[in-house]
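This report concerns only the one structure given below.
Coordinate-derived values only; no laboratory data. Note that the coordinates shown come from a computational prediction; the quantities given were computed from them, not determined experimentally. We place every Cβ from the backbone using ideal geometry, glycine too, and count neighbours over all the protein chains shown.
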Amino acid sequence: MYVEPRFLLAGDSGLVIEFGNQVSPEINAKVRKLLLYLEKFHLEGVKEVVPTYRSLLVHYDPSSCSLEKLQSELKKAADKSVTIPLSAARKFTVPIKYGGRYGPDLADVAAHNKITVEDVIRIHSNTDYLVYMIGFTPGFPYLGELPESIACPRLITPRVKVPAGSVGIAGTLTGIYPVESPGGWRLIGRTPLSLFDERSSPPCLLQAGDYVRFRGTTEAEYDRIANEIETGSYRSETRPLEK
């Protein structure tokens, strides 16, 4: 974590304010606090703010706010935002069918780490993952930290098509593909949950600051939940975050 945030240019109308050079809950909390501050106290010229793991990208209008003034105002905002309380974390339980056609790379993850498939499932489903950010595709949650004991590099050649709901591993992160898309993460399972629905408000089920814990299901339960989602009768499982 930096003692003072760094500022990086992003084209002629963008400025990045960066709080550290690693992925950590503490740095991410600073990002989310500043985001809340900027959403509450609008700075002149700011058009859009995009949060990441450890920084905020600020799009601004150079005709109404100079770079120097924006940087000064963002520094003041970052200092003031440290006192902003974050909302109580929501914890989602995400059902997942591991392995088989749902998780074709599960055995490879186990082999890479010299453990059994059952070990991978046990470790993966026994961790609370922080939603660091949403990106890549609409609703895609970047979840960490994945235990080192099941970490695995991305595929050398990405898949052209990854089914919606697929749960993957990339390094020490795990994530869920909300929509069908190309992707290079190691697929270990799939959830029937819908993480993105443009008709909903908000359209994304998860948001930065939430926590996710995976719960293994049978194929029959997977199909039952998928049917309930289709008919609109399914309710997401949430519970308070354990201390």
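How would segment 1-143 be classified by its alpha-carbon gyration tensor: rounded, prolate or oblate, with rounded meaning a/c under 1.5 and the a/b versus b/c comparison settling the rest? It comes out prolate by the Cα gyration axes. According to a simple spin-label model (label point 7 Å from Cα along Cα-to-Cβ), what is the distance in nm between ARG235 and PHE41? In this crude spin-label approximation the distance works out to 4.0 nm. Sorted fewest first by neighbouring Cβ atoms within 10 angstrom, ILE150, ILE27 come out as ILE27, ILE150.
Partner lysines whose Cα lies under 30 Å from the Cα of LYS47, excluding those fewer than 8 positions away in the same chain, are identified as LYS30, LYS33, LYS69, LYS75, LYS76, LYS80. Karplus-derived 3J(HN,Hα) values for segment 64-74, using 6.51 cos²θ - 1.76 cosθ + 1.60 with θ = phi - 60°, are 10, 7, 6, 4, 4, 5, 4, 4, 5, 5, 5 Hz; glycine and proline are entered as x. Where only DSSP H runs of four or more residues are counted, the chain gives -7500 deg cm²/dmol as its mean residue ellipticity at 222 nm, each run worth -39500 (n - 2.57).
Within the chain, the longest run free of GluC sites (Glu not before Pro) that sit in a DSSP loop with at most 13 other Cβ atoms within 10 Å is 45-179. For PHE214, the amide hydrogen comes within under 5 Å of the amide hydrogens of VAL94, THR127, counting only partners 5 or more places away or on other chains and with H modelled in the peptide plane.
With a simple spin-label model that places each label point 7 Å from the Cα along the Cα-to-Cβ direction, the separation between ILE123 and SER66 comes to 5.4 nm.
Full extension of the chain between ASN227 and HIS59 yields a length gain of 56.3 nm, computed as 0.36 nm times the residue separation minus the alpha carbon distance.
Determine, at each q value in 0.13 (inverse angstroms), the log₁₀ of I(q)/I(0) that the Debye formula gives when each Cα of segment 90-240 is one equal point scatterer. Values returned for q = 0.13 Å⁻¹ are -0.53. Across segment 6-81, counting alpha-carbon atoms alone, Rg and Dmax equal 11.5, 36 Å.
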